[in-house]
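This report refers to the structure that appears directly beneath it.
The values are calculated or read from the model by the stated rules, or taken from the named source; none is laboratory data. Just so it is clear, the structure is predicted and the values come from calculations on it, not from any experiment. When we count neighbours, we look across all protein chains shown, and the Cβ atoms used for this are built from the backbone with ideal geometry, even at glycine. Areas reflect the complete protein model, heavy atoms only, side chains present, ligands, DNA and RNA absent. Shrake-Rupley method; radii C 1.70, N 1.55, O 1.52, S 1.80 Å.
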Amino acid sequence: MATRTLRRRLRHGDVDGGRNEHMDESGLDALNEPLLGNYSYDEDHSEGYDHRSHEDIWDDKKKEQLHWTYLFSNLIAQWAQWLVNILLGSGSIIGRFLPLPSIIQNGQGNPICLSPLQEERLRYLRQRLEVPFDGSRVEHQDALKQLWRMAYPNQEIPPLKSELWKEMGWQGSDPSTDFRGGGFISLENLIFFANNYPDSFQMLLKKQEGKRAEWEYPFAVAGINISFMLIQMLDLQSAGMPTSKAGARFLELLGEDEKAFDNLYCVAFRMLDAQWLAKRASYMEFNEVLTSTRAQLERELALEDTTSIKDLPAYNMLNQ
């Protein structure tokens with residue numbers, strides 16, 4: 001490229017956007033390459049013609065054209081998004097009368113259409129997530145008692161504040177203090193586990209498998225942590241649709257199983273215990289095991305031939 005061309009590109013690319021009024025052209029080659037597009041210089045122009053000024057005007061027009069093109073494309077994109085929200089939004093007038101699917105993006109940018117059934121199940125799941133555990137509510141107290149009956153069918157249900165609750169893996173005599181961010185759904189998850197996979201539930205509750213550490217993880221509190229981990233992993237508390245790859249994949253599975261979250265919880269609990277034994281972990285390593293459990297779940301959810309939670313390889317570890 002001619003030396004003069006390089007000098008001009010540098011001038012138009014100054015950091016502060018300014019233009020140098022003076023350019024030393026001594027020894028420069030003639031301009032023989034266009035800066036923008038198929039621009040040709042007419043050598044037949046008169047001697048008084050200032051070709052540098054003409055090029056500057058061309059540059060300004062080109063930049064202005066590119067600027068307006070950029071603004072216009074952004075405006076079109078915003079209009080398109082606005083129309084999608086109106087036409088496909090479940091809360092819109094059209095969305096209420098026409099069973100149009102919602103379109104979201106998965107973790108790799110590929111569009112996924114949600115059926116009305118998937119939308120309804122996701123909405124119900126999020127409603128469950130919004131319910132905090134309240135020890136003063138009778139239905140929450142009854143749920144705790146139900147969990148005790150499933151865990152220890154031959155034992156009398158203790159008072160809601162008793163040292164006996166520590167046997168199940170609560171940290172104190174009052175289980176309600178352990179829920180924190182887990183919410184009522186974490187108690188529902190434990191009950192679902194005990195009701196649908198009683199053998200695995202009892203095995204993990206009583207630490208019946210493998211060589212255990214002297215300082216074991218508390219069963220009930222571990223269950224609350226698993227619920228919270230899944231909520232984060234699946235991006236279920238986001239304002240819009242889940243954007244994580246695992247979250248988008250989960251929405252597909254939710255269409256096949258309305259209890260996909262609860263079943264995935266049971267798989268995650270069984271997987272955590274298996275990794276606990278494999279790592280020969282103790283209490284202080286619980287967070288590390290929980291992190292590796294999440295990574296393994298994400299890998300299994302990414303398998304292409306998975307159409308339901310029961311297709312996950314780790315599901316085979318559950319004893320029904």
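Quick notes
- Residue check, Ala220 of a type outside the set (S, T, N, Q), open to solvent by less than 10 Å² (accessible area, probe 1.4 Å) and over 16 Å from Leu318 (Cα atoms): yes
- Selection status of Ala302, at pLDDT below 95, open to solvent by less than 70 Å² (accessible area, probe 1.4 Å), within 18 Å of the chain's Cα centre (by Cα) and farther than 15 Å from Ile226 by Cα: yes
- Exclusive hit being assigned to a helix (DSSP H, G or I), open to solvent by 10 Å² or more (accessible area, probe 1.4 Å) and touching a helix residue (DSSP H, G or I) at 6+ places or on another chain (Cβ under 7 Å), set Ile185, Ile191: Ile191
- Hey, Leu230 farther than 23 Å from Glu167 by Cβ, hydrophobic (A, V, I, L, M, F, W, C) and open to solvent by less than 10 Å² (accessible area, probe 1.4 Å) or not: yes
- When restricted to residues that are open to solvent by 10 Å² or more (accessible area, probe 1.4 Å) and farther than 15 Å from Glu300 by Cβ, the stretch 245-261 contains 5.
- Test: residue in the stretch 137-146 that is assigned to a helix (DSSP H, G or I) and of a type in the set (Lys, Arg): yes
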